[in-house]
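The values are calculated or read from the model by the stated rules, or taken from the named source; none is laboratory data. Fair warning: this is a prediction, and the values are worked out from it, not measured in the lab. Counting neighbours? That spans all protein chains shown, and the Cβs are built from the backbone with ideal geometry, glycine included. Surface accessibility is based on the protein's heavy atoms, side chains included, excluding ligands, DNA and RNA. Shrake-Rupley method; radii C 1.70, N 1.55, O 1.52, S 1.80 Å.
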Amino acid sequence: MKEGYKGLGVLMDAPDGPNAAIREMLRKGHERGACDAILVPMKVPSGDSYMHVLVDDVEMLDRAAPISPVLTVQGARAVTSLTRRGDEGVCIAAVMRPCEAEAVIELRKLFQVDLEHITIITMDSPGTVPLQDFARDPEEGERVFAEALATWDDSAMRPICQTCEKSNSAVGDLHLGLRGVQTGKVLLIPQGEKGLEAIAKLGLTPDHPIDEWKQASDKAMARKRGTRKANHEDLRKRASGLSGLLDLLGACINCHNCMRVCPICYCKQCKFDSPELRNTSSDYLDRADRSGSLRMPSDMLLFHMGRMSHMVLSCVSCGACEDACPTGVPVAQLFSLVAHDAQERFEYMPGRSSEEKRPLVTFEFEEFSEVED
Amino acid sequence: MTSSDAKADSQGFRPRVVGFLCNWCSYAGADLAGTSRLDVPAAISPIRVMCSSRVDPVLIMTALMRGADGVLVTGCHPGDCHYDKGNYFARRRFALTDQILTSLGLEPERVRLSWVSASEGPRYAEVVNEFIEEIRELGPNPMRTNRSL
Ligand code: SF4
Ligand code: SF4
Ligand code: SF4
Ligand code: FES
């Protein structure tokens, strides 16, 4: 976890809860010229979902929900779409969860976003409600989420959130510490030059030690690491080996939604949707011949494992893929498990630093001797 | 190439292995093994690639899922890649493939990475023979006969 600026932050009043405090801070930042516009989650007019919205008119901020109950479009995708054609000097403050911000950093390494004029604001995340549950009953979803935000009990949040050990990571240029911070307050933690600049523009001075927040965060994250380990062990048992794995993926309908919503899968033409993987019917028949039959469309496993090979080192375990799966395949949990192992082996943490090279575009002369002979 | 041990074992298992050979070293090494009349099993289907770094994980996975019992990736020894550093990248990609197979409990022993130079005809024969023996012990690749891939 990053340490912030000299271990100091700004203790801000939040009498009406963290969402209101963040809105207030954004309004102030806009007024004082810290940003020209704000990208922030907002409830859609029909009231049953949330989307990232680019806000120009600060009046609109009243409707913003910086800590939204669901993760719909992954924030990194929103930032990509915003800066795809260059940023032309427009300064934008983008509010998102730590996992979304980590994906932004990965996309920067992949030259998909331009962060020069973007200030990222993250916050301790209580988790999010499974998207399909929320869609089914938004009122209940709001209630469950409000409770999680008030108590930090994540048991009704998505499985991937329950096992997220980075939900309190200060990833953004500004991070809002909520856990272990006294009631009625939030702790604004600046990170790097951009963070300090933003704080200065807000007319604030970092003078409050972040220790208490950090201790509470570390403790919560240690507990989550335990949950994560148990979840991974369970998954390893269930998914290990060909038949276990195919059972886990059995309901997959090859829709590739998981790929389409994944922030790291930015390709215009996905290899697994391309004609490259199409064969003639006699080829398929040959394959069917070996076992008596062949599942069609075929290559379901090749898609998942191939996608892993393309992006799992940068997988931020955001869970967008699982939220988007129409048939309830625990695809984020599976990717997160493999990501955990692979990232550990390559000593790589996605989103840790935008200076760090992605593992497959670099190497050491002496390494991985266990795989060569 | 001779076919001395493409024979089926008692259960009728004939290992089939796909070999990716880099053009500049390993393919020449394989060629040398052939012209030296070394015993190289026909169980291996060699595929020539320009460099070991061309062999991305999806190629290896495709071979396995299309029924290969094993996949051998070969390239120039570290430091000798025709394109200077390709094989270092190849090793990383291979390590990732190994990790994905390991994490999913999918028999990482079915894939192997070996460095074989143009002058190492005997080493090529040895690597292939050894690998095919290992594959024989492992038995047929369950992916070959699975219906729900
Ligand atoms: S699976 Fe691979 S090819 Fe497809 S979008 Fe993701 S990274 Fe691109
Ligand atoms: S694979 Fe799933 S969990 Fe991982 S980054 Fe993509 S959407 Fe997020
Ligand atoms: S979203 Fe679900 S059903 Fe669709 S391809 Fe991914 S795992 Fe399969
Ligand atoms: S040319 Fe042989 S490994 Fe690159």
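Kindly indicate whether residue A:176 is in the same structural domain as residue A:197 (by TED's automatic domain parsing), surrounded by 24 or more Cβ atoms within 10 Å (Cβ to Cβ) and not in a helix (DSSP H, G or I).
In short, yes.
Having 1 or more residues that are of a type outside the set (A, V, I, L, M, F, W, C) and open to solvent by less than 50 Å² (accessible area, probe 1.4 Å) is the bar; report the helices (runs of 4 or more DSSP H) wholly within the stretch A:191-285 that clear it.
The helices (runs of 4 or more DSSP H) meeting that bar are A:192-201, A:211-239, A:242-248.
Which of the residues belonging to the stretch A:286-297 are surrounded by fewer than 14 Cβ atoms within 10 Å (Cβ to Cβ) and either over 33 Å from the mean Cα position of the chain (by Cα) or closer than 30 Å to residue A:84 by Cα (or both)?
Answer for the stretch A:286-297, where residues must be surrounded by fewer than 14 Cβ atoms within 10 Å (Cβ to Cβ) and either over 33 Å from the mean Cα position of the chain (by Cα) or closer than 30 Å to residue A:84 by Cα (or both): A:289, A:292, A:293.
Out of all the residues in the stretch A:272-312, which are in contact with a Phe, Trp or Tyr (Cβ under 9 Å, 6 or more places away or on another chain) and of a type in the set (S, T, N, Q)?
A:298
Just to be sure, is residue B:70 open to solvent by less than 10 Å² (accessible area, probe 1.4 Å), within 30 Å of residue A:234 (Cα to Cα) and more than 9 Å from chain A (Cβ to nearest Cβ)?
Taking the combined requirement at face value, the residue satisfies it.
Working only within the stretch A:302-319, note down all residues that are in contact with a Cys (Cβ under 9 Å, 6 or more places away or on another chain), within 9 Å of another protein chain (Cβ to nearest Cβ) and surrounded by fewer than 24 Cβ atoms within 10 Å (Cβ to Cβ).
If the condition is that a residue be in contact with a Cys (Cβ under 9 Å, 6 or more places away or on another chain), within 9 Å of another protein chain (Cβ to nearest Cβ) and surrounded by fewer than 24 Cβ atoms within 10 Å (Cβ to Cβ), then A:310 is the only one that fits.
Could you tell me which residue of the stretch B:14-53 is nearest to ligand 1 (Cβ to nearest atom), considering only residues that are part of a helix (DSSP H, G or I) and surrounded by fewer than 20 Cβ atoms within 10 Å (Cβ to Cβ)?
Selected residue: B:31.
Can you pull out the residues in the stretch A:248-262 that are within 15 Å of ligand 2 (Cβ to nearest atom) and more than 12 Å from chain B (Cβ to nearest Cβ)?
Within the stretch A:248-262, A:255, A:256, A:257, A:258, A:259, A:260, A:261, A:262 qualify.
Given the criteria within 12 Å of the chain's Cα centre (by Cα) and within 16 Å of ligand 1 (Cβ to nearest atom), does residue A:316 qualify?
It is true that residue A:316 is within 12 Å of the chain's Cα centre (by Cα) and within 16 Å of ligand 1 (Cβ to nearest atom).
Quick one: is residue B:78 at the interface with chain A (Cβ under 9 Å from one of its Cβ atoms) and either closer than 30 Å to residue B:12 by Cβ or part of a loop (DSSP other than H, G, I, E, B) (or both)?
In short, yes.
Return yes when residue A:224 is closer than 30 Å to residue B:104 by Cα and not assigned by TED's automatic domain parsing to the domain that holds residue A:148 and no when it is not.
Judged against the criteria, residue A:224 is not a match.
I'd like to know if the stretch A:320-342 contains one or more residues that are within 14 Å of another protein chain (Cβ to nearest Cβ), more than 16 Å from ligand 3 (Cβ to nearest atom), of a type outside the set (Val, Ile, Thr) and free of Cβ contacts under 8 Å to residues at least 40 places away in the same chain.
For the stretch A:320-342, residues within 14 Å of another protein chain (Cβ to nearest Cβ), more than 16 Å from ligand 3 (Cβ to nearest atom), of a type outside the set (Val, Ile, Thr) and free of Cβ contacts under 8 Å to residues at least 40 places away in the same chain: present.
Restricting the search to the stretch A:352-361, which residues are at the interface with chain B (Cβ under 8 Å from one of its Cβ atoms) and not aliphatic (A, V, I, L, M)?
Within the stretch A:352-361, A:359 is the sole residue that qualifies.
Inside the stretch B:86-101, can you point out the residues that are more than 7 Å from chain A (Cβ to nearest Cβ) and either over 30 Å from residue A:243 (Cα atoms) or surrounded by fewer than 20 Cβ atoms within 10 Å (Cβ to Cβ) (or both)?
Hits for the stretch B:86-101 are B:86, B:87.
For the list (1) more than 7 Å from chain A (Cβ to nearest Cβ); (2) out of contact with any Lys or Arg (no Cβ under 9 Å at 6 or more places or on another chain); (3) under 22 Å from residue A:345 (Cα atoms), I need the number of the one condition that residue B:53 fails.
Exception for residue B:53: condition (2).
Filter the stretch B:102-119 for residues that are in a helix (DSSP H, G or I), open to solvent by less than 20 Å² (accessible area, probe 1.4 Å) and more than 8 Å from every other protein chain (Cβ to nearest Cβ) and give the result.
B:110
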